[in-house]
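Worksheet: one structure, shown below.
Every read-out reported here was derived from the displayed coordinates using simple, explicitly stated rules and does not represent laboratory data. Bear in mind the structure is a predicted one, so any value in this text is a computation, not a measurement. Virtual Cβ from ideal backbone geometry, glycine too; neighbours counted across all protein chains shown.
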Amino acid sequence: MNTRRFYLSLALLGLFIPNSAFWPWLISNGFDPERFVRDLFDNGVSAFFGLDVILSALALSGFVLIEGRRLGLHRRWIPILATCLVGVSLGLPLFLYQRQIHLDRAAVR
């Protein structure tokens, strides 16, 4: 499997696997941001994971902006939006996929 397909596969997994847990919660509770935050920080373990993901999303956003600018990537906002809407599990492999396409094209020139 080449690098691009690997990153794209991880992005798809990052889209579907976390959402397989989130959509049933959303269907049961509706769009309720207050309840979402309360459930996210319901105990120490879930708070640990929630804070870890939030900080990872901030670090990823900074990386996307810095590395994307350095490489001259267009549409850097897409992995940041994906991270905000779904999570790091989608945003990171999506950015790596985008970056790999750019690197592959640059190597051909």
* Asked: What trypsin sites (Lys or Arg not before Pro) does the range 12-101 have in DSSP loop regions with at most 13 other beta carbons within 10 Å?
  -> 75
* Asked: Given charges of +1 on the Cβ of Lys and Arg and -1 on the Cβ of Asp and Glu, with all other atoms neutral, how large is the dipole of the chain about its Cα centre, in debye to the nearest 20?
  -> 780
* **Computed helical MRE - 222 nm, the chain, DSSP H runs ≥ 4 contributing -39500 (n - 2.57), nearest 500** => -29000 deg cm²/dmol
* If you compute percent of Cα pairs over 24 Å apart for the structure shown, which of (1) 32; (2) 56; (3) 40 do you land on? -> (1)
* Asked: Where Lys and Arg each count +1 and Asp and Glu each count -1, what net charge lies around residue 92 among other residues with Cβ under 12 Å from its Cβ?
  -> 0
* To do: Identify the chymotrypsin sites (Phe, Trp or Tyr not before Pro) of the range 32-63 meeting these criteria: DSSP loop state and at most 16 other C-beta atoms within 10 Å of the C-beta.
  => 41
* Asked: Counting pairs of alpha carbon atoms under 8 Å apart in space and at least six apart in sequence, what relative contact order in percent does the range 3-104 give?
  -> 45
